[in-house]
Amino acid sequence: MKNRGRVRWIFDGRIAGIGTASGTRLVLGCWTHSPFGPFADVMAERRDGHRLLLAPDRRTARFVAATYSFDEVRVEPVRVTVRGDHWTVTSDSLTLRFTTGRRGPPGLALRAVPRVLATRPRWIEAVGLPARLLRGVRTCGTAGGGRHEWYGARDLRPVRDAGAVLEGEDLGPPAPVVPPVRFGFGSTPRRPCLVRVTTLVG
């Protein structure tokens, strides 16, 4: 694979994957450290397969759109507020609220791996096979623009409650992320969750 093992960009933060009763699936990226500074973006795939990116500025929109696949890209502020276990995400198009639960065995296992190991491409590739037991989940693969990408998961909490309104439409209660989203080579876990992750792009 092109650029295999060569890391050029590092994004550190959290990814939330949430399905809804309407069939729309949402993926929030909330990045505390990135080449572009802190930012948040949202990827949404509707029931009919339409893939939408909400990005806070043109620079991040260009990068994300060059790495993943979308049918529509909108540049609008994406604001994230966290109070304890309660998350609120707002933009011109979207309002999303969700609550995380207590971490279970998967989260405890991920937290037990030292960060220096959990974020190495070779380690991420090694754990890729067991990760495939989660439908749609991949830890590494080829991204857009000839890039290679690795997801180093470091924690996981379930999403216990969620609600979202997209373009004025209430998306209904939370549901599994089914079918898997099609923005890139992998999806989020089937069960709605919040993952602490370091993403490497090369």
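The values are calculated or read from the model by the stated rules, or taken from the named source; none is laboratory data. As the structure is a prediction and not an experimental result, all values here were calculated from the model. Every residue, glycine among them, receives a Cβ derived from its backbone with ideal geometry; neighbour counts consider all protein chains shown. Just the protein is used for accessible areas: all its heavy atoms, side chains included, with ligands, DNA and RNA removed. Shrake-Rupley method; radii C 1.70, N 1.55, O 1.52, S 1.80 Å.
Which whole-number percentage describes the relative contact order of segment 1-99, with Cα contacts under 8 Å and a sequence gap of 6 or more?
Details: 177 pairs, mean separation 15.8, N = 99.
This gives 16 percent for segment 1-99.
Give the value in nm², to one decimal: projected area of the alpha carbon convex hull of the chain, averaged over all directions.
Details: hull surface 40.7 nm².
Computing the convex hull of the Cα atoms and averaging its projections yields 10.2 nm².
What fraction, in whole percent, of alpha-carbon pairs in segment 83-202 exceed 19 Å separation?
Across segment 83-202, Cα pairs with separations above 19 Å total 54 percent.
Given Cβ point charges of +1 (Lys, Arg) and -1 (Asp, Glu) and nothing else, what value in debye, to the nearest 20, does the dipole of segment 49-202 about its Cα centre take? Before the final figure, lay out the partial values.
Values: 25 positive and 13 negative charges, 166 e Å.
Here the size comes out at about 800 debye.
Starting from the exponent 0.38 and prefactor 2.2 Å, build the expected Rg for segment 47-152 from its residue count and divide its actual Cα Rg by it.
Details: Rg = 16.7 Å, N = 106, 2.2 N^0.38 = 12.9 Å.
Normalised Cα radius of gyration, segment 47-152: 1.29.
Whenever you get a sec, compute what percent of the accessible area on the chain sits on carbon and sulfur atoms (1.4 Å probe).
Details: 5220 of 10120 Å².
Carbon with sulfur: 52 percent of the solvent-accessible area.
Give me the net charge for the shell around residue 77: Cβ to Cβ below 10 angstrom, other residues only, Lys and Arg +1, Asp and Glu -1.
Details: positive: 79; negative: 57, 76, 92.
Cβ neighbours under 10 Å give a net charge of -2.
Any chance you could list the semi-axes, whole Å, largest first, of the equivalent ellipsoid that the Cα gyration tensor gives for segment 1-105, using √(5λ)?
Details: eigenvalues 98, 69, 46 Å².
Largest first, segment 1-105 gives 22, 19, 15 Å.
Counting pairs of Cα atoms in segment 1-59, how many percent are more than 15 Å apart?
Details: 1016 of 1711 pairs.
Beyond 15 Å sits 59 percent of the P(r) for segment 1-59.
Got the relative contact order for segment 74-202 handy, in percent, Cα pairs under 8 Å and 6 or more residues apart? Before the final figure, lay out the partial values.
Numbers: 240 pairs, mean separation 34.9, N = 129.
After rounding, I find 27 percent.
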